[in-house]
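To start, the structure itself, in structure tokens.
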Amino acid sequence: PSAPVAVLQVHGDQDVVIKYGGGHFASNPGDYPSAADTVAQWAKLNACTGTRMDTGQMLDLDDNQTGAETKVERFSNCPTVAVELWTMRGSGHFPGLGATWGEQILKFLLANPKK
């Protein structure tokens, strides 16, 4: 991108369609990166100089899971925008997105407007 852009990757660690740890597309030649590698690349593009850190925040986004299943990690030392990875523990490709899903996404978007 020509300017930094806030990035939020939300990914279920049990996704068998787009695997959390990366994989290979059966119908399209080529590998795809892991969730962690994807946000690390965005952090680099956004000139973040820190590492991905656990914020200690857990969110309850998937109604198919009991309790707060989503771990929030954020890159430190990002000069202008946020780069975050939200790992939905135990969630697959189609999680049961509950009412808090929209609230949390909106909260991220409002905190990170396009500049």
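The values are calculated or read from the model by the stated rules, or taken from the named source; none is laboratory data. All figures in this text were calculated on a predicted structure; none of them were measured in a lab. Please note: Cβ atoms are built from the backbone with ideal geometry, for glycine as well, and neighbour counts cover all protein chains shown. Just so you know, the surface numbers come from the protein's heavy atoms only, side chains and all, with ligands and any DNA or RNA stripped out. Shrake-Rupley method; radii C 1.70, N 1.55, O 1.52, S 1.80 Å.
Just so you know, in the range 85-105 the residues that are in a strand (DSSP E or B) and either among the β-branched types (Val, Ile, Thr) or touching a residue at least 40 places away in the same chain (Cβ under 8 Å) (or both) include one that is surrounded by the fewest Cβ atoms within 10 Å (Cβ to Cβ), and it is THR87. One residue stands out among those in the range 40-99 that are over 22 Å from ALA6 (Cβ atoms) and hydrophobic (A, V, I, L, M, F, W, C): the one that is farthest from the chain's Cα centre (by Cα), which is ALA99. Residue count for the range 24-45, restricted to those that are at pLDDT 95 or above and in contact with a strand residue (DSSP E or B) (Cβ under 8 Å, 6 or more places away or on another chain): 7.
Consider the range 30-84 and keep the residues that are in contact with a His (Cβ under 9 Å, 6 or more places away or on another chain) and part of a strand (DSSP E or B). The one that is nearest to LYS19 (Cα to Cα) is TYR32.
Only residues that are over 11 Å from LEU8 (Cβ atoms), open to solvent by 40 Å² or more (accessible area, probe 1.4 Å) and either among the hydroxyl-bearing types (Ser, Thr, Tyr) or free of Cβ contacts under 8 Å to residues at least 40 places away in the same chain (or both) were counted across the range 74-84, and they come to 2. The single condition among (1) at pLDDT 95 or above; (2) over 22 Å from LYS114 (Cα atoms); (3) open to solvent by less than 70 Å² (accessible area, probe 1.4 Å) that ASP54 does not satisfy is (3). Selection of the range 1-37 for residues being polar (S, T, N, Q) and either open to solvent by 80 Å² or more (accessible area, probe 1.4 Å) or in contact (Cβ under 8 Å) with a residue 40 or more places away in the chain (or both) yields SER2, GLN9, GLN14, SER27, ASN28. Candidates LYS71, LYS44: the one that is surrounded by 13 or more Cβ atoms within 10 Å (Cβ to Cβ), among the charged types (D, E, K, R) and either closer than 25 Å to ALA111 by Cα or free of Cβ contacts under 8 Å to residues at least 40 places away in the same chain (or both) is LYS71.
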